[in-house]
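**Student:** The structure follows.
The values are calculated or read from the model by the stated rules, or taken from the named source; none is laboratory data. Quick caveat: nothing in here was measured; it's all calculated off a predicted structure. Every residue, glycine as well, gets a Cβ built from its backbone with ideal geometry; the counts of neighbours run over all protein chains shown.
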Ligand SMILES: Cc1cc2nc3c(=O)[nH]c(=O)nc-3n(C[C@H](O)[C@H](O)[C@H](O)COP(=O)(O)O)c2cc1C
């Protein structure tokens, strides 16, 4: 039997493993959520819901893939929130919780800038028995045209106000999901935490133009010849997501973070935890690899932990945060290393000879 325990308690919610399906197509109805739970996922954040779906009209196509060789390295979507009726979702949340009492079901919700609407959605959804909420303050396309999603989440004053409305009525844990389309991710996170959010989820997708078709000269995904900038996700966004998680974890060390953005393997998940994530979410990784990837994710995370002698997730969550410092400190450390041992030679800007590829290699971490 493995001596590794992957379970974790976060804000009073007990996850049998830290792998949660991120809000999006993987959690789009009760049928698929049940399928994922049967395959071993620890939890699911449902596709974002709102009170009035009559305004949610999707396009087809709404996805585009960026490939390198045959591998999908980046994914853009212009999908809106759930287009399924609110009442149907209430029934399905009840049904899922009855059938899977030990799996964590988190309701992603979004509303217009109205205290009444936010409080109504929270009160009605929490009656179904869901375990927690994730506030979608971060969808970067479509919804901002209605002053929702990222239009709210990139304004710390509005984040504070909305989270405050929610916390007045919420009886279960609330995570605020943040946008990466800002310079300093700590500002909106601080506003949410000041308003007493229980945790922070990040990142939502990055605004992008994935590709221009060189035959038609039309940007992708093309809908009747036109498009809008969409949300970028998948492997390519992982370094940006890790940076955002790191910034928030360092600024608010006690905060429970659910990290995501480009997690395709258990080793990717380990990196998010080393940056301070308590749980990890997978959206594009599941869309590309299928729900069955959960077995591989668990095996790889277990392998990482066994290799280091970690028996519980808490043994290494946030471990690598201490290794971030300032540039000035890096220089000082390197000068000190050179004094005490033969440190690496510096290639300063005068010494480049024009062998640019090998000179780049000589400055690259391995
Ligand atoms: C097709 C698609 C639909 C998405 N829909 C939602 C959504 O309804 N609500 C939400 O909060 N995030 C949504 N997301 C964002 C993901 O939950 C996640 O934050 C983002 O994609 C980064 O993680 P990933 O690289 O694992 O996909 C969606 C992502 C994709 C690819």
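**Student:** Taking residue 292 as the residue in question, decide whether it is without any contact (Cβ under 8 Å) to a residue 24 or more places away in the chain and in the same structural domain as residue 28 (by TED's automatic domain parsing).
**Tutor:** Details: without any contact (Cβ under 8 Å) to a residue 24 or more places away in the chain: no; in the same structural domain as residue 28 (by TED's automatic domain parsing): yes.
Considered against the rule, which asks whether it is without any contact (Cβ under 8 Å) to a residue 24 or more places away in the chain and in the same structural domain as residue 28 (by TED's automatic domain parsing), residue 292 comes out as no.
**Student:** Looking only at the range 313-341, which residues are within 17 Å of residue 258 (Cα to Cα) and not in a helix (DSSP H, G or I)?
**Tutor:** 316, 317, 318
**Student:** Still on this model: How about the range 1-36: which of its residues are away from the ligand (no atom under 16 Å from the Cβ) and in contact with a strand residue (DSSP E or B) (Cβ under 6 Å, 6 or more places away or on another chain)?
**Tutor:** Scanning the range 1-36 gives 5, 8, 10, 11, 13, 15.
**Student:** Is it the case, given these coordinates, that residue 81 is in a helix (DSSP H, G or I) and either surrounded by 18 or more Cβ atoms within 10 Å (Cβ to Cβ) or not assigned by TED's automatic domain parsing to the domain that holds residue 287 (or both)?
**Tutor:** Details: in a helix (DSSP H, G or I): no; either surrounded by 18 or more Cβ atoms within 10 Å (Cβ to Cβ) or not assigned by TED's automatic domain parsing to the domain that holds residue 287 (or both): yes.
So residue 81 does not fit the description; no.
**Student:** Also: List pairs: first residue in the range 252-267 and in the same structural domain as residue 194 (by TED's automatic domain parsing) and in contact (Cβ under 8 Å) with a residue 60 or more places away in the chain, second residue part of a loop (DSSP other than H, G, I, E, B) and away from the ligand (no atom under 13 Å from the Cβ) anywhere in the structure, Cβ distance under 8 angstrom, at least six positions apart or on different chains.
**Tutor:** 253/276; 253/318; 256/11; 256/198; 256/278; 258/278
**Student:** Moving on to the next point. Among the residues of the range 143-179 satisfying the criterion of being assigned to a loop (DSSP other than H, G, I, E, B) and near the ligand (Cβ under 10 Å from one of its atoms), which is surrounded by the most Cβ atoms within 10 Å (Cβ to Cβ)?
**Tutor:** 178
**Student:** Scan the range 37-54 for residues that are in a loop (DSSP other than H, G, I, E, B), within 16 Å of the ligand (Cβ to nearest atom) and over 13 Å from residue 83 (Cα atoms) and jot them down.
**Tutor:** Answer for the range 37-54, where residues must be in a loop (DSSP other than H, G, I, E, B), within 16 Å of the ligand (Cβ to nearest atom) and over 13 Å from residue 83 (Cα atoms): 41, 42.
**Student:** Considering each of 357, 337 in turn, give the residue that is free of Cβ contacts under 8 Å to residues at least 24 places away in the same chain and surrounded by fewer than 10 Cβ atoms within 10 Å (Cβ to Cβ).
**Tutor:** Exactly one of 357, 337 is free of Cβ contacts under 8 Å to residues at least 24 places away in the same chain and surrounded by fewer than 10 Cβ atoms within 10 Å (Cβ to Cβ), namely 357.
**Student:** Which of the residues that make up the range 244-265 are part of a helix (DSSP H, G or I) and more than 14 Å from the ligand (Cβ to nearest atom)?
**Tutor:** 246, 247, 248, 249, 250, 251
**Student:** If you scan the range 112-140, which residues turn out to be in a loop (DSSP other than H, G, I, E, B) and within 13 Å of the ligand (Cβ to nearest atom)?
**Tutor:** Selection gives 137, 138, 139, 140.
**Student:** Turning to a different aspect of this structure: Any chance you could count how many residues in the range 56-70 are within 11 Å of the ligand (Cβ to nearest atom) and in a strand (DSSP E or B)?
**Tutor:** Keep residues of the range 56-70 that are within 11 Å of the ligand (Cβ to nearest atom), which gives 56, 58, 62-65.
From what is left, the residues that are in a strand (DSSP E or B) are 63-65.
So the count comes out to 3.
**Student:** Here is a follow-up. Which number in (1) over 28 Å from residue 291 (Cα atoms); (2) in contact with a helix residue (DSSP H, G or I) (Cβ under 7 Å, 6 or more places away or on another chain) marks the one condition that residue 246 misses?
**Tutor:** (1)
**Student:** Considering only residues that are in contact with a strand residue (DSSP E or B) (Cβ under 6 Å, 6 or more places away or on another chain) and either over 16 Å from residue 229 (Cα atoms) or outside the structural domain of residue 144 (by TED's automatic domain parsing) (or both), which ones fall in the range 52-72?
**Tutor:** Of everything in the range 52-72, just one residue is in contact with a strand residue (DSSP E or B) (Cβ under 6 Å, 6 or more places away or on another chain) and either over 16 Å from residue 229 (Cα atoms) or outside the structural domain of residue 144 (by TED's automatic domain parsing) (or both), namely 72.
**Student:** Looking at the structure I just gave you, is residue 270 surrounded by 20 or more Cβ atoms within 10 Å (Cβ to Cβ), within 12 Å of the ligand (Cβ to nearest atom) and part of a helix (DSSP H, G or I)?
**Tutor:** So residue 270 does not fit the description; no.
**Student:** Confirm whether residue 34 is surrounded by fewer than 18 Cβ atoms within 10 Å (Cβ to Cβ) and under 24 Å from residue 271 (Cα atoms).
**Tutor:** Considered against the rule, which asks whether it is surrounded by fewer than 18 Cβ atoms within 10 Å (Cβ to Cβ) and under 24 Å from residue 271 (Cα atoms), residue 34 comes out as no.
**Student:** Return yes or no: is residue 286 under 18 Å from the mean Cα position of the chain (by Cα), crowded, with 23+ Cβ neighbours inside 10 Å and more than 13 Å from the ligand (Cβ to nearest atom)?
**Tutor:** no
**Student:** I'm checking my understanding of the structure. Among residues of the range 98-111 that are crowded, with 16+ Cβ neighbours inside 10 Å and under 22 Å from residue 39 (Cβ atoms), which one is nearest to the ligand (Cβ to nearest atom)?
**Tutor:** Result: 108.
**Student:** Does residue 306 satisfy the condition of being buried (at least 18 other Cβ atoms within 10 Å of the Cβ) and touching a residue at least 40 places away in the same chain (Cβ under 8 Å)?
**Tutor:** When the stated conditions are applied, residue 306 does not pass them.
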